[in-house]
Structures are given as C-alpha cells and as structure tokens.
Amino acid sequence: MTRFSYIAVDSSRNSVSGIIEEADRSSVIKALSKQQLRPISIKQVSSAKSSFSLGKLFNSNKVKPDHLVMMTRQLSAMVGAGVPLVRALTSLADHSESPVLKQILASVIKDVEAGSTLGDALSKHPETFNDVYVNMVRAGEAAGILDEILKRLALQQEKNATIRKKIKSAMAYPSVLLGITVLAFFGLMLFVVPQIGKILQDMGGPDAKLPGLTLFMLGVSSFFTHFWFIIFPVIGGLIYAGLRYIKTPVGKEQFHTIILKIPGVRNIIKKVAIARFARTFSALMGAGVAVLECLRVTGRSVGNIVYEKAINQAAVEVKNGKPLSVVISQNPLFPAIVAQMLSVGEETGQTDTVLVKVADFYEEEVDAAIEGLSSIIEPVMIVIMGAMVGLIAASVMLPIAGLAQNIK
C-alpha cells in the first residue's frame, strides 16, 4: 500500500484533508467518493525521510502481542453484545494504551465508514494483522459469527505468544553466558595476557624457552592487540552480512534447512511448526475457510520455509483429489499422529476439534523440550567458560613452574 495525502471538499463545501493508504490514485479517488468527498489534490507521501527513524530502530512502530490480544477480546465482547462495529472500534481506539494501535484503528474506522469490510480494512496493515487474522475475520463476517471468530483469534494469539516467550526465556540465560564468555575472552587477550607475557619475559630473560601453549596464547594476544581495529569491524561485517543473507529467500531456506538438522534444536523447531500448523489450520477450518485457502494461509504462518513448501505441495495434491491425511502421512516432516488425527477428523467431520488436541499436545511437548534443552545448555556454557579460563591459566602457570624448576 502507498500513502497519499489529500485535500477534498464534502457535500457542505467544507475542506477536508488527511492521509490515506491505497494501492494507487484511482483507489484513493474511489475511497474518497464512498465517503462523499470530492478530491481537489492528491499527492503521494514520501517515506524516505522516516526510513531510519528511531521508532523503526527500536521497533516502536509495532503493536505488542498483548495489546493485540486485548483488542481482539474486547472487540469480540462488544460485537457479541450487539454494539455497532464502528462504535466498537472507536471505543477501542479511544481507550487503547498503544499509540501505534490507536493510529491503525483510526485508519480502519475510516475505511469501514467508507464502506469497506473489516477484513479488507485490516488487510491494509499487514505488519499488525497477518494473513491468518485477516482471513479469519473475513470468514467470520461472511458467516455472521465475527464475535466467535475473534474469540478463536485471541486464543490462538495467546498460545503463539506463550510459545515465543518460553523460547526467549529459555535462551536468555545461555545468551548472557555466551556474551560474558566472548567479552571475557577479548578482555583477557587484549589486556591481561600481554601483561602476563611481559612479566614472564622479565623473569626468564629474552632467551627463556616458553611452553608451546604459552607461545600460542601470546601469539593470539599479540594478533588481537595489533589488529583489533581490523578484527572487530570484520566480525561485525560478517555478522551483518550473515543476518542480511538469512533474510533473503535463498538464505532463509538454507538456514531453516540447517536448523532442522541440528541435534536438540531440530526437535523443538519441528514441534513448534507442527503446533502452529495444527492450531492455525484448526482455527481457519472452524471459521469456515476453504481447505485450499486454509493450507495456503497456514503455510505462511508456520514460520519455517521447509514446512511451508511441504504444506504448499500438500495443497497441490489435495487439489488433485487426495485426502489431506494421506498426503501428510507420506511426508516425513509430520509425525504419524498428525496424519492419524487428520484421518479421524475427516471421517467424523470434526477436523478443527481434532487438530486443537494435536496443537495442545505438541505445545506441551515444546515446553518439555525447551526445559530439557535449557538444562543441557547451561552446564555446557559453564564448561566452555571454565575451559577458556583454564586454558589461559595453564598457559601462565606452565612457564612459571618451569622457571621455578630452573631456579632450584
């Protein structure tokens, strides 16, 4: 979507100005006409000036998941109580704690007042409302059960947010230990080891024979000391280039393929992907979305390119007449229980209910896997830190012991 600023006049010949997001100028004219406004000036708003704003740097232009869940639940309650949609959205915008969400709701209200459906209005803000959200709202509007669909959405968002929080909390302590280890290594190499080397040379003289380990550590320290202004930019550049490459389609696919082969991590990634697949597909099926559309949207929401391709391929085979349970059973990415539960759902006509149980099961499995991984990572990181410190201590104590022996 492109942002346009406009100046128009209403039926009373009063001047009205504002900013609207549409695909092109003709879409802006149509949207203003629906609001009974006659455009006088329409200009495209340039976003180049704000491309490096502090808001984007600190992600302050994103709506927090907690705020989105709260908004969804409140909207569901008001729609279920018979409150008109525009009035409900206006109330949410007035009482929202998120400034970003207030702006988005204000734009949604304008679109709804102009005649757009709620799903179409939300689709103009993909950074906040993803495909799953938009498609479920559209299905709820079409079936006349928008309040029930919004309840499902809120529950699904809470489950997804819970998994993300548990993964982040599990990785927080190992990340801190890794950061401390890296800082300690560079600190010892740059400041401590050079002083120790100088002391050893003063004690043993210029012709003193030092152990190989000590010479290696002194060499590494000397390299870091003399070329730190090259090493740190190179490391930073490699990290930046790696992160940029991972964001490309080819790099993302390679990265997702690699992490599915790492022992310990791959089990968590697979269980998270299956839990998301089951819960998202269940929510869309329960909302009355067509099976092929469910698969298309679910593939993008799983969060792994390998699984997304597998789900898209499954959609092709389902389109050709194969049952989804049969297609899933032939793919090694999905455990046998998923295909079996899908088969039961297809036979009983309760696929959405069955998949909710699958999602609950795998979310519990994710919790157990994360706890197990955390219990392994923490001692491993401590051993790495201890080995690093022990290596430096050994490189110092060996020559001191040798010098003491020579003195005797």
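Using amide H atoms built in the peptide plane, which far-off residues or other-chain residues are under 5 Å from Gly18 H to H?
Tyr6
Once both axes come from the Cα atoms, what is the angle between helix 336-348 and the longest principal axis of the chain, in degrees from 0 to 90, rounded to 10?
The answer is roughly 10 degrees.
Against the 2.2 N^0.38 Å scaling, with N counting residues, where does the chain land? I'd like the Cα-based Rg ratio to two decimal places.
So the Cα radius of gyration is 1.36 times the expected 2.2 N^0.38 Å.
For the pair Lys62 and Leu213, what calculated FRET efficiency results from E = 1/(1 + (r/R0)^6), where r is the Cβ-Cβ distance and R0 = 45 Å, to the nearest 0.05?
It comes out at approximately 0.35.
Let me know the longest stretch in the chain that avoids all GluC sites (Glu not before Pro) found in a DSSP loop with at most 13 other C-beta atoms within 10 Å.
128-408
From the cross-link list Lys30/Lys102; Lys168/Lys271; Lys159/Lys309; Lys64/Lys102; Lys159/Lys252, which pairs have alpha carbons spaced over 18 Å apart?
Lys30/Lys102; Lys159/Lys309; Lys159/Lys252, as the Cα separations exceed 18 Å there.
Please turn the phi angles of region 14-28 into ³J(HN,Hα) values with the Karplus equation 6.51 cos²θ - 1.76 cosθ + 1.60 (θ = phi - 60°), one per residue in order, whole Hz, x for glycine and proline.
8, 7, 10, 10, x, 10, 9, 10, 9, 6, 7, 5, 5, 5, 5
So what is the relative contact order of region 159-408, in percent, for Cα pairs below 8 Å that sit 6 or more residues apart? Please list the in-between numbers first.
Numbers: 191 pairs, mean separation 67.4, N = 250.
Relative contact order for region 159-408 comes out at 27 percent.
If you take the Cα atoms of region 2-47, find Rg, then find the Kirkwood Rh from the mean of 1/r over all pairs, what is Rg/Rh?
On the way: Rg = 9.9 Å, Rh = 10.4 Å.
Expressed as Rg/Rh, it is 0.95.
Nearest 10 degrees, 0 to 90: what angle lies between the long axis of helix 291-301 and the longest principal axis of the chain (Cα atoms)?
Between the helix axis and the principal axis of the chain, the angle is about 40 degrees.
How much length is gained on full extension from Glu158 to Ile376, taking 0.36 nm per residue of separation minus their Cα-Cα distance?
This chain segment gains 75.7 nm when fully extended.
What does the charge add up to near Ala139, with Lys and Arg as +1, Asp and Glu as -1, over the other residues with Cβ less than 11 Å from its Cβ?
Around Ala139, the surrounding residues sum to -1.
What are the aspartates and glutamates whose alpha-carbon lies under 20 Å from the alpha-carbon of Lys357, with same-chain residues fewer than 8 places away excluded?
Glu148, Glu158, Glu346, Glu347, Glu365, Asp367
Report the residue, chosen from Phe334, Phe227, Phe255, that carries the largest GNM mean-square fluctuation when the chain is represented by alpha-carbon nodes joined by springs under 10 Å.
So, out of Phe334, Phe227, Phe255, the one fluctuating most is Phe227.
Under 5 Å between amide H atoms, partner at least 5 residues away or on a different chain: which partners does Thr2 have, H built in plane at 1.01 Å?
Those qualifying (amide H under 5 Å, at least 5 residues apart or on another chain) are Glu22, Ala23.
Quick one: helix 146-187 against the long Cα principal axis of the chain, what's the angle to the nearest 10°, folded into 0 to 90?
20 degrees
Kindly put Phe224, Phe129, Phe277 in sequence by how many other C-beta atoms sit within 10 Å of each C-beta, fewest to most. It would help to have the intermediate numbers written out before the result.
Values: Phe224 18, Phe129 21, Phe277 29.
Ordered by Cβ neighbours within 10 Å, fewest first: Phe224, Phe129, Phe277.
Would you look at the GNM of the chain, springs on alpha carbons closer than 10 Å, and say which of Leu218, Leu68, Leu324 moves the most?
Leu218
We did not get these values from a lab; they are worked out from the coordinates using the rules stated. The structure presented is a predicted model; accordingly, all values stated were derived computationally and were not measured. Here Cβ is always computed from backbone atoms with ideal geometry, including for glycine, and neighbour counts include all displayed protein chains.
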